[in-house]
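Chemist: Please see the structure below; I have some questions.
The values are calculated or read from the model by the stated rules, or taken from the named source; none is laboratory data. Bear in mind the structure is a predicted one, so any value in this text is a computation, not a measurement. All Cβ positions, even for glycine, are placed from backbone atoms using ideal geometry, and neighbour counts span all protein chains on display.
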There are 4 protein chains.
Amino acid sequence: MNNRNDIIGPRIQRIEAISDGVFGVALTLLVLDIKVPVSEMIHTESDLMTAFSALLPKFLTYFLSFLTLGLAWSGQSTQFTHYIQHNDLKLNWITLFYLLFVTTVPFSTAFLSAHITFKFAIGLYWLNIFLLGLLRLINWNYAYHHHLLGIDEKGKNSLYKGMNQRIIIAQTLYAIAALLCFINPYLSIGTTIFIQLYFVLEVFAKKNKNALS
Amino acid sequence: MNNRNDIIGPRIQRIEAISDGVFGVALTLLVLDIKVPVSEMIHTESDLMTAFSALLPKFLTYFLSFLTLGLAWSGQSTQFTHYIQHNDLKLNWITLFYLLFVTTVPFSTAFLSAHITFKFAIGLYWLNIFLLGLLRLINWNYAYHHHLLGIDEKGKNSLYKGMNQRIIIAQTLYAIAALLCFINPYLSIGTTIFIQLYFVLEVFAKKNKNALS
Amino acid sequence: MNNRNDIIGPRIQRIEAISDGVFGVALTLLVLDIKVPVSEMIHTESDLMTAFSALLPKFLTYFLSFLTLGLAWSGQSTQFTHYIQHNDLKLNWITLFYLLFVTTVPFSTAFLSAHITFKFAIGLYWLNIFLLGLLRLINWNYAYHHHLLGIDEKGKNSLYKGMNQRIIIAQTLYAIAALLCFINPYLSIGTTIFIQLYFVLEVFAKKNKNALS
Amino acid sequence: MNNRNDIIGPRIQRIEAISDGVFGVALTLLVLDIKVPVSEMIHTESDLMTAFSALLPKFLTYFLSFLTLGLAWSGQSTQFTHYIQHNDLKLNWITLFYLLFVTTVPFSTAFLSAHITFKFAIGLYWLNIFLLGLLRLINWNYAYHHHLLGIDEKGKNSLYKGMNQRIIIAQTLYAIAALLCFINPYLSIGTTIFIQLYFVLEVFAKKNKNALS
């Protein structure tokens, strides 16, 4: 196996392609958790509206998870934007473990929506968000320290710190939101969605400055 | 977080790739709503045909949703054709919210096919079509006003208006079709399919003039 | 809407990308039809083997549909190989209708495997194969007559006829195989698989002559 | 059909794209096997934790299969990295049969997790791993002997042997791990995961030497 060193990993385009595949499926599978009410009890329009409104907590966790996956996809693909073209087996496996926690999101979402008042379900969901953030941090630091970023030295350093800061601040806020479940579960979930929406809306509040493009 | 401005968004190819992933899954998940009749009561060929013909309303909503998603995909990818290569976090999130309403199509389809005679189910389905149109309008106007379209000034202006007009006319027709549910639900669904087929067949009625390619 | 002519369709890469998305999901969804036997009656290794062997007809239709989709994907992507880069809304919709019948394959497979001894189920399955062939024929003829093939005039003509012949011969054979269901359903399915395997193995029997690459 | 030789196969990018599609779906479908416990018996946090811990064997097989598919994807895309751009119908079908055994992984995983103490279930799972390895070996040898690798002659030879050795060593280890089920099923599964993790961690233990990039 001393020829192993010659075996290079997949091109970064394929790492991106498998990511888009997994995210695409995970984003869409979320909706399978929302079961259409089929009941012999539904006779009138207002029966149907009542049955539909009973699904609203499911839509809440659906929206939560859509934001979770949207931020995860967005964060990962933003990082890859800075990468130079490269074949790398380590990056490959960091990404695959990242995708492992992407594929568990439909489960932890369904688990949360079925047991929304339980601290354990919120804790499990938070753990999933945390692991996604952790892997994104590892991905970024690996790329920085192994010179996989195609940015000039000065810009690289400030970008490196900016991205790290951003992930750590986000994760700190998510951890605080999760802890709010000891007061009230809906407060905890609501705060998490609020933080996620903040990160989304912040994008629209700023002028685009594409420093590198 | 003042380094944030350096953090550019995903390349437009990845925004297209995640879109194709989500659309691919959503288009195929639709079929999961059509359950194969498995019954001890099926003994003869004509029993099976009877059981199959009971599925025809499901096929109707299936075809409806296939057209809905087909037009949504087609409309979105036509818009992207005009975009210049660009990294943009705002475009990213406009697209993700667009995909949010793509992923709800399998649900609103199943909801409609289970309660096809209810105005509420038709209204919900219409809402989904409307939100897809709205986001497509936002996408297009954002791209126009932020100079993301790679077209010369004169052609751009007329194309811009043409695309807007087209979306608004289509949405007006869909709204009228939805309102027909107050007369008869099948009339409403039939009219929606008719409008969608019109937009498809119109493509084949014209000569190709690829003004920009 | 007189600006409509300026609205060009999606690039051919995106038409290919949505195709790969739909095929990828359809190929994998097939397996959801094979349910794992979970029973309190399974106590010994031989109980489990008996339960597994009861699944063998499911594996048969699974393999049949894998070949159906494999040939459909392979045939379509081979056609696209010859296409010149082009934006085309008609090609877009021909492809989407093709994909419509790709997404019905998991249904017609499950329908067949649940009612494998019924002529109606075999007829429905055959109809699906036929529609896939028909759309592939339309796709090819549209491309030829609208000068979308990037091949010199002489090679184009012989390639055009060769591809048409091939689809028509294949479809004739599938129709004969389907008709065999009037003798015996397993004979009909077996013959279909045999024909499909012939088209696969034929590929390996020949030397590669890449006339155009 | 003598024009057949002119019909070239899909470009290698599309073979990669359909692979990424199938892998993306298969990786994500695995999670559908882990059903959320929904029970009227769950009243307290500790009830929920108990119900969750009953799922741990499911998570074990989930992780096993994630590694199986991750290694399969990684191995295949590493091979394709060395391929020259080429249209090839044979490569197409080798890949499709490879994907056939990718799509069966969600089934053999669910089969194993439902019957984890049975030798037959472990044997079936091993067969799936074996077939993936076999097809990867065929893929590699086909590419080597038909001059599809874009590497200079000397490097090619040592790389060719290195890759073959690697697959054969891995498969030998998996076969031994499978045989351990005659002692204890968990020992067998644990050893398989251990071997897979070894191949993943080995990547991180080495310095990157990208001999060819």
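Chemist: Of the conditions (1) more than 7 Å from every other protein chain (Cβ to nearest Cβ); (2) over 30 Å from residue C:142 (Cβ atoms), residue C:48 clears all except one; give me its number.
Modeler: So the condition that residue C:48 fails would be (1).
Chemist: Take residue B:109 and tell me if it is outside any helix (DSSP H, G or I) and either among the β-branched types (Val, Ile, Thr) or in contact with a Phe, Trp or Tyr (Cβ under 8 Å, 6 or more places away or on another chain) (or both).
Modeler: So residue B:109 fails the test.
Chemist: Continuing with the same structure: Tell me, please, whether a residue that is part of a helix (DSSP H, G or I), at pLDDT below 90 and touching a His at 6+ places or on another chain (Cβ under 9 Å) can be found in the range A:192-203.
Modeler: No, the range A:192-203 contains no residue that is part of a helix (DSSP H, G or I), at pLDDT below 90 and touching a His at 6+ places or on another chain (Cβ under 9 Å).
Chemist: Tally time: how many residues in the range D:80-95 are assigned to a helix (DSSP H, G or I) and polar (S, T, N, Q)?
Modeler: 3
Chemist: Out of all the residues in the range D:149-177, which are more than 20 Å from residue D:91 (Cβ to Cβ), more than 9 Å from chain A (Cβ to nearest Cβ) and of a type in the set (Gly, Ala, Ser)?
Modeler: Scanning the range D:149-177 gives D:170, D:175, D:177.
Chemist: Every residue in the range D:138-148 that is among the hydrophobic types (A, V, I, L, M, F, W, C), surrounded by 15 or more Cβ atoms within 10 Å (Cβ to Cβ) and closer than 19 Å to residue D:73 by Cα, please.
Modeler: D:140, D:143
Chemist: Among the residues that make up the range B:4-15, is at least one of them charged (D, E, K, R), part of a helix (DSSP H, G or I) and modelled with pLDDT under 85?
Modeler: Within the range B:4-15, one or more residues are charged (D, E, K, R), part of a helix (DSSP H, G or I) and modelled with pLDDT under 85.
Chemist: Can you tell which of C:180, C:197 is surrounded by 15 or more Cβ atoms within 10 Å (Cβ to Cβ) and either within 12 Å of another protein chain (Cβ to nearest Cβ) or not small (Gly, Ala, Ser) (or both)?
Modeler: Exactly one of C:180, C:197 is surrounded by 15 or more Cβ atoms within 10 Å (Cβ to Cβ) and either within 12 Å of another protein chain (Cβ to nearest Cβ) or not small (Gly, Ala, Ser) (or both), namely C:180.
Chemist: Given the residues D:132, D:173, which is the only one that is touching a Gly at 6+ places or on another chain (Cβ under 9 Å), surrounded by 15 or more Cβ atoms within 10 Å (Cβ to Cβ), farther than 12 Å from residue D:83 by Cα and not aromatic (Phe, Trp, Tyr)?
Modeler: Among D:132, D:173, only D:132 is touching a Gly at 6+ places or on another chain (Cβ under 9 Å), surrounded by 15 or more Cβ atoms within 10 Å (Cβ to Cβ), farther than 12 Å from residue D:83 by Cα and not aromatic (Phe, Trp, Tyr).
Chemist: Out of (1) within 14 Å of chain B (Cβ to nearest Cβ); (2) more than 16 Å from the chain's Cα centre (by Cα); (3) in a helix (DSSP H, G or I), what's the single condition that is false for residue A:136?
Modeler: Of the numbered conditions (1) within 14 Å of chain B (Cβ to nearest Cβ); (2) more than 16 Å from the chain's Cα centre (by Cα); (3) in a helix (DSSP H, G or I), the odd one out for residue A:136 is (2).
Chemist: Right, another one. Restricting the search to the range D:57-99, which residues are more than 13 Å from chain A (Cβ to nearest Cβ) and among the β-branched types (Val, Ile, Thr)?
Modeler: Within the range D:57-99, D:61, D:84, D:94, D:95 meet the criteria.
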